[in-house]
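I have placed the structure first, in the form of structure tokens, so that the comments after it can refer back to it.
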Amino acid sequence: MKLENFHIEVAEWSRERDRDALRRIRQQVFVVEQNVPESRERDGLDADCCHVLALDDAGQPIGCGRLTPEHKIGRMAVLREWRGHGVGVALLRELVERARALGWPELGLAAQVSAIAFYERAGFSAYGDEFEDAGLQHRAMRLSLTAGDAGGRPTRDIAALPVTTRAEAAAARLKVLAGARHQLSIYLPMLDRDTYSSTDELDEVKRIAISGRAAQIRILLHDPAAALRHDHRLIALTQRLSSAVQVRVPVEEVDLAHTSTYLLNDAGGYLFLPEADRPQGRAALNDRASQVPLLQHFDDVWERAEIATVLQALNL
């Protein structure tokens, strides 16, 4: 089980597989459903854009979007059977967070009139008159990515972090650890040698564990015996910090089927990977709204889980 039955990945236009996936979605949504001329849909900008894909559990493409060199969002499309399931929201959030990470001060788009409310819920503001493009009515919209938008209204800076490669995932993990005050919640379907094993990461875990009476680190680990056999450095650290670090093992079938991994701190920071063995995901240092459902899931599983006696048996 995953918290989402789809996930978002960055797509490379130069990669044939990704290019074909993007084209298939856009062909179905724009050309077939909306009667946009194919010559208009393929505008020649794709090679210079940043693309994202939404993929279902089976790895099949279900949605897409892009950032153009003109600092605009475009080609947002979700297959009909997946609409209403949060795919468009996830795609938009990923594009906005990547634009913010790139340092763009503002993000624009041309919204079909029927989709204006969707973008307004994400903070975009419409301006100017309606105009026709490819036979459909549109309106320009924009979103300020700085301290305030064009109307002077402050926007909440969630301090989003890019998570599309292993290096970015590792950097995000370290920043979320560094942002913690006294508490961490870590969900680990698997614990590979490169995760929570660097000196910097372990130093942060130790700092939190000895931060005072409020210190609490909870770890849900599917297979602590495997981590023990591999002499993982995080497990060794829990031996020395057992008063502040608790490890439990999920036992319910529904929990053991969970394939997502995440890290939560007590300052609104989180890192979420829909698939534990893939680096693509999302992260932010100040986004309690996105952290809440993850923390609720963690608390629910924690209550059902059992103490990792395999570690206790060896004085760990």
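Kindly state which helices (runs of 4 or more DSSP H) lie completely within the stretch 206-316 and contain at least 1 residues that are in contact with a Phe, Trp or Tyr (Cβ under 6 Å, 6 or more places away or on another chain) and not aromatic (Phe, Trp, Tyr).
233-240, 288-304
Here are His71, His85: which of them is within 22 Å of the chain's Cα centre (by Cα), touching a residue at least 24 places away in the same chain (Cβ under 8 Å) and on the phi > 0 side of the Ramachandran plot?
On the way: His85 fails: on the phi > 0 side of the Ramachandran plot.
So the residue among His71, His85 that is within 22 Å of the chain's Cα centre (by Cα), touching a residue at least 24 places away in the same chain (Cβ under 8 Å) and on the phi > 0 side of the Ramachandran plot is His71.
Quick one: which residue in Ala90, Ala99, Ala77 is touching a residue at least 12 places away in the same chain (Cβ under 8 Å), of a type in the set (A, V, I, L, M) and part of a strand (DSSP E or B)?
Working: Ala90 fails: part of a strand (DSSP E or B); Ala99 fails: part of a strand (DSSP E or B).
Residue meeting the stated conditions: Ala77.
Being small (Gly, Ala, Ser) and farther than 14 Å from Gln183 by Cα is the filter; apply it to the stretch 243-270 and report the residue that is surrounded by the most Cβ atoms within 10 Å (Cβ to Cβ).
Ser260
Could you list, ordered by first residue, the pairs with Cβ atoms under 7 Å in which the first is in the stretch 290-310 and within 15 Å of Pro274 (Cα to Cα) and not assigned by TED's automatic domain parsing to the domain that holds Gly269 and the second is at pLDDT below 85 and surrounded by 12 or more Cβ atoms within 10 Å (Cβ to Cβ), at least 6 apart or interchain?
Every condition considered, no pair remains.
If you take the residues in the stretch 289-306 that are surrounded by 15 or more Cβ atoms within 10 Å (Cβ to Cβ) and of a type outside the set (A, V, I, L, M), which one is farthest from Val96 (Cα to Cα)? Explain how you work it out, then say what you get.
First, the residues of the stretch 289-306 that are surrounded by 15 or more Cβ atoms within 10 Å (Cβ to Cβ): 290-291, 294-295, 297-298, 301-302, 305.
Now drop any that are not of a type outside the set (A, V, I, L, M), which leaves 290-291, 297-298, 302.
Details: Ser290: 15, Gln291: 18, His297: 26, Phe298: 27, Trp302: 33 Å.
If we take residues in the stretch 289-306 being surrounded by 15 or more Cβ atoms within 10 Å (Cβ to Cβ) and of a type outside the set (A, V, I, L, M), then Trp302 is farthest from Val96 (Cα to Cα).
Kindly check whether there is at least one residue in the stretch 108-126 that is in contact (Cβ under 8 Å) with a residue 40 or more places away in the chain and in a strand (DSSP E or B). So that I can check it myself, show each step before the final result.
Here is the first cut: in the stretch 108-126, the ones in contact (Cβ under 8 Å) with a residue 40 or more places away in the chain are none.
Within the stretch 108-126, none of the residues are in contact (Cβ under 8 Å) with a residue 40 or more places away in the chain and in a strand (DSSP E or B).
Just to be sure, is Ala115 closer than 15 Å to Phe30 by Cβ, among the aliphatic types (A, V, I, L, M), in contact with a strand residue (DSSP E or B) (Cβ under 9 Å, 6 or more places away or on another chain) and surrounded by 15 or more Cβ atoms within 10 Å (Cβ to Cβ)?
yes
Being touching a residue at least 60 places away in the same chain (Cβ under 8 Å) and either surrounded by 14 or more Cβ atoms within 10 Å (Cβ to Cβ) or among the polar types (S, T, N, Q) (or both) is the filter here, so list the residues in the stretch 163-180 that pass it.
Val163, Thr164, Thr165, Glu168, Ala169, Ala172, Arg173, Lys175, Val176, Leu177, Gly179, Ala180
Inspect the stretch 56-66 for any residue being in contact with an Asp or Glu (Cβ under 9 Å, 6 or more places away or on another chain) and surrounded by fewer than 20 Cβ atoms within 10 Å (Cβ to Cβ) and give the result as yes or no.
no
Taking the condition of being under 28 Å from Gln280 (Cα atoms) and surrounded by fewer than 12 Cβ atoms within 10 Å (Cβ to Cβ), how many residues in the stretch 16-42 meet it?
Result for the stretch 16-42: 3.
Scan the stretch 223-250 and report the pairs whose first residue is closer than 23 Å to Asp299 by Cβ and whose second residue is among the charged types (D, E, K, R) and surrounded by 15 or more Cβ atoms within 10 Å (Cβ to Cβ), with Cβ atoms within less than 6 Å and a gap of 6+ or a chain change.
What qualifies is Gln246/Arg218.
Tell me whether the stretch 152-159 contains one or more residues that are of a type outside the set (S, T, N, Q), closer than 30 Å to Val245 by Cβ and either in contact (Cβ under 8 Å) with a residue 12 or more places away in the chain or not assigned by TED's automatic domain parsing to the domain that holds Val10 (or both).
Scanning the stretch 152-159 turns up at least one residue that is of a type outside the set (S, T, N, Q), closer than 30 Å to Val245 by Cβ and either in contact (Cβ under 8 Å) with a residue 12 or more places away in the chain or not assigned by TED's automatic domain parsing to the domain that holds Val10 (or both).
The values are calculated or read from the model by the stated rules, or taken from the named source; none is laboratory data. Worth saying up front: this structure is predicted, and the values here are computed from it rather than measured. Positions of Cβ are backbone-derived with ideal geometry, glycine not excepted, and every protein chain shown enters the neighbour counts.
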